[in-house]
Structures are given as C-alpha cells and as structure tokens.
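Enquirer: Pasting a structure here, questions to come.
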Amino acid sequence: MCGIIGQMDKKIIAFTMSPKQSQFEVDRLAQEGKKLGVEVEKVNYRDLTFEVNNQKPRVYINSIERNGENTLGCWFRVAGTKSGKYVEGRNMLIRLKQNEMFCVNAGSYLGWPRMGKISQHAVFVEAGIPVVPTAIFYERSQVKSLKVESPKSFGEWDFPIITKHERGYQGKSVRKLENWEEVEKWLNKIDEKNLGMFLWQKFLPGGWDLRVIVLDGKVLGAMKRTASGDEFRSNYSLGGAVEKWELSDEDTKLAEKVAKVCGLDYCGVDIMKSKKPESPKSEESVVLEVNRQCQFKGFEEATGINVARAVVDMIRKRG
C-alpha cells in the first residue's frame with residue numbers, strides 16, 4: 001500500500017455511499033470549508049481499506065494513509081446496507097483513529113451502530129424524555145386481539161393511528177390508518193416476520209412539528225414544519241412548509257438532553273406538541289425521533305442559519 005502523502009493542509013473527509021447521497025450537505029460543507037481555508041473531500045465508504053495489527057494499525061482512503069497529520073476530522077452520512085459492511089468500516093476507522101482526528105458522533109456510532117426508532121424510544125424513556133405513546137408487535141394475532149377488546153378503537157387509542165418502519169426516513173414509511181379495515185389491509189400487505197420492525201403510535205393532531213439542530217451540545221436553531229394540503233406528514237422532502245421558530249427554554253433543554261443522552265455532536269431532534277392527558281387544555285413537548293445524519297437544506301432556507309459553516313467550525317476546533 002502507498003505511504004503517507006506529502007506535506008499538505010489537513011482535510012475534512014465526508015463519507016457517503018454514493019456520489020448523489022447527501023450531495024447538497026457535502027457540497028455546502030465544501031463551499032464553507034473553502035472560505036475558511038479547509039478542503040472538504042467527499043469519498044465513498046468503499047474507498048476505505050485497513051491494515052489491522054498491534055504495532056501501527058493504518059487507515060487508507062484510495063490508497064492514501066489517513067491520520068492526524070493530514071486529516072482534521074471525518075463527517076459521516078448514512079452507511080446502511082443489508083450486510084452492514086460500511087457500518088463496520090465506519091466504526092473501524094473511528095476505533096483506530098479517534099485519538100488522532102475528530103470523528104463527528106463517534107461515541108454514538110460505537111455505542112449504537114444502527115440508531116433505529118425502536119431502540120431510540122427505549123433510551124428516551126429510560127432517560128425520562130417524553131415520547132409519543134408507542135406499541136410494538138411481532139405477530140398479526142397480537143394486533144388483531146385489540147379489535148376483539150375494542151372494535152371501535154385501537155386499544156386505548158382512538159383512530160386514526162400511525163405506523164412507521166423503525167429505519168424509515170423522510171417520512172416515507174409513515175402511514176395513517178383510519179379504522180380496523182385499513183389496519184387489517186395493511187397487515188396483510190407485509191410479511192409477518194417484518195412486523196416487529198414497525199412502531200404503532202397514537203396519532204397527534206396538529207399537522208406540524210419542530211426540527212431542532214443541536215451542534216456540539218448546544219441548540220443551533222429550530223424550524224417549524226407544517227404539512228401541506230391533504231398530506232399529514234410535515235417533512236420538507238414531502239412538500240411541508242418550513243419557517244424559522246423561536247424555541248422555548250424548555251424545548252431547548254429537551255433537544256440538548258436528547259443529544260447528550262445519545263452521545264451526539266451533531267443531530268436533528270424532532271419535537272411535536274401533545275395534549276396532556278391530565279389537562280387537555282395544556283400541551284407538552286414529545287420527542288418523535290433524533291437523526292444523527294440530518295439533512296439541512298430546508299433548515300438553512302427557513303432559518304438563515306449557516307449550518308455547513310457551523311459544522312466545519314466545530315471540526316476545525318476539535319480536530
């Protein structure tokens with residue numbers, strides 16, 4: 001393998017699975033990095049190779065050794081594959097080189113290789129973070145038993161209800177089911193062995209939620225996302241309207257707590273308002289999920305906050 005490249009300014013490495021993945025975010029980091037005199041290099045996970053030994057383990061990208069002498073830090077986009085090979089590669093890089101260069105969200109990746117929505121909810125509840133009432137089932141009969149007990153409702157919840165895949169993204173797996181006929185139709189469409197990969201949740205009316213970006217332990221800003229037309233999902237990628245939002249002190253502390261509990265240097269925390277059971281006229285904030293590789297195109301447009309520059313600055317300071 002090739003040796004270390006010659007003298008050069010340290011780079012930030014942005015990892016993706018393909019040239020098109022997270023193109024906006026990586027391009028924005030490159031733009032802001034250039035203004036600050038830092039090169040941001042986009043590479044694919046498949047460009048990684050390793051030498052693993054007890055003397056001097058090495059990490060290579062396109063046959064060039066990467067270490068603290070030539071690399072400020074690493075920023076990772078989604079590494080998901082069925083085999084999990086790139087997740088393992090990402091974590092190998094972190095374990096071998098985190099003492100030499102800053103790897104964003106390193107602690108979270110090592111402790112939590114795949115941050116699914118189901119495990120998130122368990123961690124949130126354990127930490128006292130409020131969540132939407134949620135159920136998990138592994139057999140169709142478990143779902144259908146609720147109909148026997150409550151023919152006009154979904155157990156203790158009124159219809160409609162929400163179901164979503166635990167690894168879904170950008171709202172694409174989210175479904176709103178209006179009655180038992182729709183529940184049973186949906187159940188018959190999926191393989192029962194995959195049923196345990198779905199969350200069933202109480203529907204919260206309102207049609208809007210908050211996306212909060214937390215960077216290096218502090219809230220960077222927030223935007224309100226509002227569903228458009230007949231669409232109940234508020235995601236920007238699905239046409240949701242976005243606008244800047246002045247976050248309350250309570251929600252600021254909540255978002256920062258989520259980031260801390262999950263060991264995240266950079267993340268997007270999604271918050272929604274829910275009626276308090278004991279006081280229907282009052283609202284409380286609940287956390288829908290946290291995204292440790294959140295996109296920020298809509299966020300920058302809505303808030304005017306330069307997320308890309310903030311990320312580059314964080315890596316420069318900690319790299």
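The values are calculated or read from the model by the stated rules, or taken from the named source; none is laboratory data. None of the values given here were measured: they were computed from a predicted structure. Neighbour counts are summed over all protein chains in view; Cβ atoms, including those assigned to glycine, are modelled from backbone coordinates with ideal geometry.
Enquirer: Please specify each residue of region 94-124 satisfying the condition of being free of Cβ contacts under 8 Å to residues at least 12 places away in the same chain and not polar (S, T, N, Q).
Expert: Result: 122, single match.
Enquirer: Among the residues of region 277-285, is there at least one that is modelled with pLDDT of 95 or more, farther than 30 Å from residue 35 by Cα, surrounded by fewer than 20 Cβ atoms within 10 Å (Cβ to Cβ) and of a type outside the set (Asp, Glu)?
Expert: First, pick out the residues of region 277-285 that are modelled with pLDDT of 95 or more: 285.
Applying the additional criterion that residues be farther than 30 Å from residue 35 by Cα yields 285.
With surrounded by fewer than 20 Cβ atoms within 10 Å (Cβ to Cβ) added as a condition, the list becomes 285.
So of that shortlist, the ones also of a type outside the set (Asp, Glu) come out as 285.
There is at least one residue in region 277-285 that is modelled with pLDDT of 95 or more, farther than 30 Å from residue 35 by Cα, surrounded by fewer than 20 Cβ atoms within 10 Å (Cβ to Cβ) and of a type outside the set (Asp, Glu).
Enquirer: To continue, here is another question. Please find, among 175, 140, 95, the residue that is in the same structural domain as residue 72 (by TED's automatic domain parsing) and either closer than 23 Å to residue 284 by Cα or basic (Lys, Arg) (or both).
Expert: Result: 95 is the single residue among 175, 140, 95 that is in the same structural domain as residue 72 (by TED's automatic domain parsing) and either closer than 23 Å to residue 284 by Cα or basic (Lys, Arg) (or both).
Enquirer: Taking region 205-248 on its own, how many of its residues are modelled with pLDDT of 90 or more and in a loop (DSSP other than H, G, I, E, B)?
Expert: Of the residues in that region, 6 qualify.
Enquirer: Still on this structure, please answer the following. Please work out which one of (1) in contact with a Ser or Thr (Cβ under 7 Å, 6 or more places away or on another chain); (2) outside any loop (DSSP other than H, G, I, E, B); (3) farther than 29 Å from residue 106 by Cα is the condition residue 181 fails and give its number.
Expert: With respect to (1) in contact with a Ser or Thr (Cβ under 7 Å, 6 or more places away or on another chain); (2) outside any loop (DSSP other than H, G, I, E, B); (3) farther than 29 Å from residue 106 by Cα, residue 181 is out only on (1).
Enquirer: For residues that are touching a Ser or Thr at 6+ places or on another chain (Cβ under 7 Å) and part of a loop (DSSP other than H, G, I, E, B), scanning just region 156-170, find the one that is surrounded by the most Cβ atoms within 10 Å (Cβ to Cβ).
Expert: The selected residue is 159.
Enquirer: Just a yes or no: is a residue in region 288-299 assigned to a helix (DSSP H, G or I), out of contact with any Lys or Arg (no Cβ under 6 Å at 6 or more places or on another chain) and crowded, with 20+ Cβ neighbours inside 10 Å?
Expert: Yes: region 288-299 contains one or more residues that are assigned to a helix (DSSP H, G or I), out of contact with any Lys or Arg (no Cβ under 6 Å at 6 or more places or on another chain) and crowded, with 20+ Cβ neighbours inside 10 Å.
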